[in-house]
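Just so you know, all these numbers are worked out from the coordinates, no wet-lab data involved. These figures come from a predicted structure and were not determined experimentally. Backbone-built Cβ (ideal geometry, glycine too); neighbour counts: all protein chains shown.
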Amino acid sequence: MSLLHLDPTNLLSTGVGSTGIAAKRLAGDLKDRFARAHEDVRVRRESGEMGFFELPYDTRTRRQVQEVADSFGQWSESFVVVGIGGSSLGARAIADALRGPFWNERSAEEREHFPRLYFLENPDPDTVRTLLARLDLRTTLFNVVSKSGSTAETLALYLVLEEALAQVLEADRLRAHLLFTTDGSDGTLRRLAEKLGVPTLGIPSGVGGRFSVLSCVGLLPAAVIGVDLEALLAGAAEMDAQCKNPALGDNPAGLLATLLHAAHVEGGRSTHVFMPYSDRLRTFGLWFQQLWAESLGKARDREGGVVETGPTPLAAVGAVDQHSLLQLLMEGPPDKVVVFVGVAEREDPVPIPVRHEEHPALARLGGHTLQGLLETEQRATTEALRRAGRPSLSIEIPRLDARALGALFMLLEIATVYAGALYGVDPLDQPGVELGKTLTDRMLKRDGDSS
């Protein structure tokens, strides 16, 4: 069974008419443009700069993570990931996609005695206070995640949590409730772990936060709740194999990146709406939003020239956002492309009963399924956009399992680095984010001195 199917028809002139990209260009200038991007990515991959490519093949890390999850992680009733951005979103996306939105409400038996999983991301006092009040800290394990080891929000949360643990645990027991995921050799968290005797997992040096979902950053929380890591990574490896193909038409990540880039720089379609028709992929959309925005939104190109470029990603979910965004997508500024994601098969499509047939609005629904309704809504929305001359493309996965999810992660990560090459920017850095971090540190220091 194929990993996924990417259908670009409604982004091309053959589907959407004059507002689309001329289909013949796929065998012409776009093919040549992608060939250069493909070669650029190949060279950077082989240099070791793009370490995320190697994560699906890292069996040693997978086994290490599984051992930690099976031993250190399974005594806990609650497992809390403490991290922000790339240190959290990928793990949340895996958990929501493969365990669903109500995992923590299930009984221990329904969870097969895997722990509840929580995420502390924002240093919002209301959220932190509420979660701490609900947890039994004596049966909770905190996984503190920061690649640099110096992320201000994460370290602040850690200090609050350490103090809370110290109120209920003996000093020599505190470290048993902590596990750090950080740089393999340096950083504040690494040094603190050595001082306190806290166990650690090392993030590879060539893997940035937003590309780290298939490293121990995302794998440990996934393993703790029973996700099949081998299947997740196998799907990613299969997608990587497909995306090594230098032929544009046979490389799904290349096709996605090339068409979205052309739609932006030539057609003014600067907003890329990522819209899965699945509640379980809602957080995945937020993960993609960070990946696309932080990787491609750059002031300068790789030669140092001022470009101030980058598409704006917008996470949405169908059919919910048909009732919030569709009016804008249909009749607002023609500056958007919608990327639909559909799931072909569900574990239970949920039949819609035939009842109250005297009411036409109810009668037309009876006899269908909720899955069928979602699929129909996606098809109807796609067709409405097409008729309005608004481009879109569709990705369909056969079912939402670990293999398909791994493939989807890898598809979009590879598309991102291809897009970086097409835009002429470095998709691996984030200088704008670094300035904000520096200013935060300065302001905290100044406020501390004034007090």
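So here's what we get for this one:
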item	result
Taking all pairs of distinct alpha-carbon atoms in the stretch 325-390, Kirkwood radius in angstrom	13.9
Relative packing of peptides 12-20, 75-83 - highest average C-beta neighbours within 10 Å first	75-83, 12-20
Assigned charges on the beta-carbon of Lys, Arg, Asp, Glu; the chain dipole about Cα centre (debye)	560
Exposure proxy order (Cβ contacts within 10 Å, fewest to most) of Met330, Met275, Met50	Met330, Met50, Met275
Non-local Lys pairs in the chain, i.e. 8 or more apart or on different chains, that have alpha carbons under 22 Å apart	7
Percent of beta bridges antiparallel (DSSP, the chain, rounded to nearest 5)	15
Arg300 long-range amide H proximity, modeled H, under 5 Å	Val307, Glu308
In order through the stretch 331-343: 3J(HN,Hα) via Karplus (6.51 cos²θ - 1.76 cosθ + 1.60), integer Hz, x for Gly, Pro	10, x, x, x, 10, 10, 10, 9, 9, 7, 10, x, 10
In Hz, Karplus ³J(HN,Hα) per residue of the stretch 184-199 (6.51, -1.76, 1.60; θ = phi - 60°; x = Gly, Pro)	x, 9, 8, x, 4, 5, 4, 5, 5, 4, 5, 5, 8, x, 7, x
Packing rank of 358-364, 265-271, 294-300, where each peptide gets the mean count of other beta carbons within 10 Å, highest leading	294-300, 265-271, 358-364
DSSP beta bridge pairing in the stretch 256-367, given as percent antiparallel to the nearest 5	15
Furthest towards positive pole of dipole, Leu385, Gln289, Phe180, structure part the chain, Cβ charges	Leu385
Formal net charge of residues neighbouring Pro246 (Cβ-Cβ distance under 11 Å; K, R +1; D, E -1)	+2
Cα gyration tensor category, rounded, prolate or oblate, for the stretch 289-347 with a/c compared to 1.5	oblate
Kirkwood Rh (inverse of mean 1/r, distinct Cα pairs), the stretch 51-228, angstrom	16.2
Compactness relative to 2.2 N^0.38 Å, alpha carbon Rg of the chain	1.03
Local net charge near Tyr57, Cβ-Cβ under 14 Å (Lys/Arg +1, Asp/Glu -1)	0
Listed residues Tyr158, Pro427, Val81: farthest to the positive end of the dipole of the chain (Cβ charges)	Pro427
Theoretical ellipticity at 222 nm over the chain - DSSP helices of four or more residues, -39500 (n - 2.57) apiece, nearest 500	-14500 deg cm²/dmol
